[in-house]
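The values are calculated or read from the model by the stated rules, or taken from the named source; none is laboratory data. Remember, it's a predicted structure, so these values are computed and weren't measured experimentally. When we count neighbours, we look across all protein chains shown, and the Cβ atoms used for this are built from the backbone with ideal geometry, even at glycine. Please note that ligands, DNA and RNA were not included when accessible areas were found on the heavy atoms of the full protein model with its side chains. Shrake-Rupley method; radii C 1.70, N 1.55, O 1.52, S 1.80 Å.
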Amino acid sequence: MDFSLTKGAVDFIDDALIMDLLGQKEDKGKVAEILSKSLEKKALTLDETAALLAVKSPDLLETVYEAARKLKREIYGNRIVLFAPLYIGNYCMNDCKYCGFRRSLTTAVRRTLTDEELVEEVKGLEREGHKRLILVYGESPKYSPEYIAHTVDIVYSTKEGHGEIRRVNINAAPLDIEGFRTVKAAGIGTYQIFQETYNKDAYRKFHPADTRKGDYMWRLNAMDRAFEAGCDDMGIGALFGLYDWRFEVMGLVSHSLHLQQRYNVGPHTISFPRIQPAHGLDLDLRYQTSDEEFKQLVAVLRLAVPYTGLIMTARENQSVRDAVMQFGVSQIDAGTRLEIGAYHEKASNKEAQDLEKEQFQIADNRSLDEAIRWLLEQKFIPSFCTSCYRVGRTGEHFMEYAIPGFIGKFCTPNALMTLAEYLKDYASPETRQAGDALIREELAKMQEGSLKQQLLERLQDLAENDTRDRLF
Ligand code: SAM
Ligand code: SF4
């Protein structure tokens, strides 16, 4: 690996500017203007984002939530995309103070899946009905770009019954340009890297200087290297609880604006995990983000970056997921197991977690079927869609579709098709009943025309001839 920074490396996090902007007081008139701008689906500036973060009074906050709900409905409709994380290995040379995999934690049980075990894990996930995975790795010479590409190949080529994984995303250490080329060639979807905290002092506190991850700029610049390597589908994130939550939102928006300005493509997704209990965790948690703050940060992100998918993970419990999903989130994981090997070695999600073997504790351990039924009860369309990336609607190309509002034309039919596949192949009888009812309701809402006709034909084809995976 070449650990030198690229020539164009820039520090786009202006700490002084962010602190200055965060000093502003709540201003009702300004907030109203900003909300009407964002309802026109325009990305917000840093100053506008800070103005929304300054809102404290409950009535004004409610108008922010209402705007976020409206924007989410208009851009993404009522579908929620589902995925599962798959931990490949937890060897790690870093020592991030919040993580159950950190190198100084000698009691952590270390393991990397063998190729055979990986195949069994994927089959276990396919038997549940999963189609989209994110592979997760510690940072170690064992997990080279070539090794990551090798595991991606195994996942795509493992098929069980009607099961197949159609999109593999990655969450792993930042690579050099050559490394990003290697993983792109393996056909990955999104490459996710979280900055953890955008504040440099806090970053130093949690990531010792003598570790690879101790280099703030190497990590901050990772997405730029990925773009230089031709990847255009990147996920950013911050680990909330390391520093002031408002600063982190400003960091995420600065990062998005930087990528948008420089490469004409913003991040594909933003994640906002909150720190969870983990094996050996002993942290100063004075910045732990409360549920109310969490709600506000998701709503503000939704408004600030209207075309970026927002991911909420099973770190959050069901009631937080209920509260937040309405106004911002477009993707969640479900049926999640973090222990390496657990998708084929543990009987169900309900078995207690063994934190010595896992990165952190999750708060939502429902099965995929339970999560789908919960979404259906709230009138969300659970979606396993993988279409955009497979037909080349990514990066700049994807923005062409997103901005004129074409997404509804592709997303709803794809969501309904992939839901119908799930219901046919994997659902429990109760979930199937709820899902069939929702599909009927959604079809009744659709405008008559060739698109609806095509969808009806394909649904019939699936029911009668078992024809799957036809993309809109
Ligand atoms: N090792 C790579 C890295 O650090 O970039 C891959 C990702 S790590 C396995 C996945 C993410 O988990 C980290 O980026 C961090 O944000 C998150 N994480 C670590 N410890 C956590 C904890 N105690 N609670 C919640 N999330 C945590
Ligand atoms: Fe390693 Fe990632 Fe955990 Fe840090 S967060 S110790 S890099 S696995």
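Restricting region 285-333 to residues that are free of Cβ contacts under 8 Å to residues at least 40 places away in the same chain and among the acidic types (Asp, Glu), the residue that is nearest to residue 362 (Cα to Cα) is 291. Apart from one condition, residue 62 fits all of (1) outside the structural domain of residue 308 (by TED's automatic domain parsing); (2) within 16 Å of ligand 1 (Cβ to nearest atom); the exception is (2). Scoring residue 50 on the criteria (1) within 18 Å of residue 326 (Cα to Cα); (2) open to solvent by less than 20 Å² (accessible area, probe 1.4 Å); (3) assigned to a helix (DSSP H, G or I); (4) out of contact with any Gly (no Cβ under 6 Å at 6 or more places or on another chain) leaves a single failure, condition (1).
Looking only at region 85-101, residues that are assigned to a loop (DSSP other than H, G, I, E, B), under 30 Å from residue 128 (Cα atoms) and more than 7 Å from ligand 2 (Cβ to nearest atom) come to 2 in all. Among the residues examined, residue 200 does not qualify as open to solvent by 10 Å² or more (accessible area, probe 1.4 Å), away from ligand 2 (no atom under 12 Å from the Cβ) and touching a Cys at 6+ places or on another chain (Cβ under 9 Å). Tell me yes or no: at least one residue of region 316-329 is among the hydroxyl-bearing types (Ser, Thr, Tyr) and touching a strand residue (DSSP E or B) at 6+ places or on another chain (Cβ under 7 Å). The answer is no, given that none of the residues of region 316-329 is among the hydroxyl-bearing types (Ser, Thr, Tyr) and touching a strand residue (DSSP E or B) at 6+ places or on another chain (Cβ under 7 Å).
Among the residues that make up region 263-270, is at least one of them buried (at least 20 other Cβ atoms within 10 Å of the Cβ), at pLDDT 95 or above, touching a Lys or Arg at 6+ places or on another chain (Cβ under 9 Å) and not hydroxyl-bearing (Ser, Thr, Tyr)? For region 263-270, residues buried (at least 20 other Cβ atoms within 10 Å of the Cβ), at pLDDT 95 or above, touching a Lys or Arg at 6+ places or on another chain (Cβ under 9 Å) and not hydroxyl-bearing (Ser, Thr, Tyr): absent.
Within region 179-196, one or more residues are over 22 Å from residue 2 (Cβ atoms), within 16 Å of the chain's Cα centre (by Cα) and among the small types (Gly, Ala, Ser).
In region 308-321 there is at least one residue matching the filter, namely being away from ligand 1 (no atom under 15 Å from the Cβ), under 28 Å from residue 45 (Cβ atoms) and either surrounded by fewer than 21 Cβ atoms within 10 Å (Cβ to Cβ) or acidic (Asp, Glu) (or both). Remark: residue 89 matches the filter, which requires a residue to be within 16 Å of ligand 1 (Cβ to nearest atom), of a type outside the set (Lys, Arg) and assigned by TED's automatic domain parsing to the domain that holds residue 285.
Looking across 190, 182, one residue alone is open to solvent by less than 20 Å² (accessible area, probe 1.4 Å) and farther than 23 Å from residue 344 by Cβ. It is 190. In a residue-by-residue description of region 118-136, the property of being in contact with a Cys (Cβ under 9 Å, 6 or more places away or on another chain), in the same structural domain as residue 337 (by TED's automatic domain parsing) and surrounded by fewer than 19 Cβ atoms within 10 Å (Cβ to Cβ) applies to no position. Reported count of residues in region 13-35, each being free of Cβ contacts under 8 Å to residues at least 12 places away in the same chain and open to solvent by less than 60 Å² (accessible area, probe 1.4 Å), is 2.
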